[in-house]
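The values are calculated or read from the model by the stated rules, or taken from the named source; none is laboratory data. Quick caveat, the model's predicted, so the values are computed rather than measured. All Cβ positions, even for glycine, are placed from backbone atoms using ideal geometry, and neighbour counts span all protein chains on display.
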């Protein structure tokens, strides 16, 4: 069983606004003294709490916007800067579990909900039918696999995050089909007999 209550016990000694805690399932209400953190320390703790649950109240919007706004030219530098920011929270390294949770969150390139996954586009070249100029050109699809950093966070013992479900069949579409939003259907003679829409919404929460 997930140990979200462990986060709560650890964090609430320091952190988070009562409003956030009251809206996150599995996290106990703030203990006396939790209001002592301010500024970046408080925001860093709010980010960790908000990233540990699928249920995020509106109070999570601001701290998450601040966190995902931390960027650098190189992806590795972005991870480092975000990790350093999360470590401003006093509970970020309270134990090995919290330390690994902080690391998992730092590696999140984006949110791992259905909407975010539907915006990840896989691309490849070559293969496919030569119909409609599709021979040897680039193909696209909504990603059919969840990024490793999402699995890392979703499966962490200290998180309660609903895993989005993939509902497409993994089909690739030519660039032409992808851009116009549908592909042609051909009969055995090679004649166009209809069209079918491109499936872009492949992940649901």
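Restricting the first residue to region 181-197 and requiring it to be loosely packed, with under 13 Cβ neighbours inside 10 Å, which pairs with a second residue that is assigned to a loop (DSSP other than H, G, I, E, B) meet a Cβ separation below 8 Å and a spacing of at least six or different chains?
The qualifying pairs are 181/198; 193/187; 197/181.
Counting only residues that are modelled with pLDDT of 90 or more, give me the helices (runs of 4 or more DSSP H) lying completely in region 1-76 with at least 2 of them. Give the derivation first.
Values: elements: 4-11, 18-23, 39-51, 61-68.
Helices (runs of 4 or more DSSP H) meeting the threshold: 39-51, 61-68.
If residue 159 satisfies every condition in (1) within 15 Å of the chain's Cα centre (by Cα); (2) surrounded by fewer than 17 Cβ atoms within 10 Å (Cβ to Cβ) but one, which is the exception?
(2)
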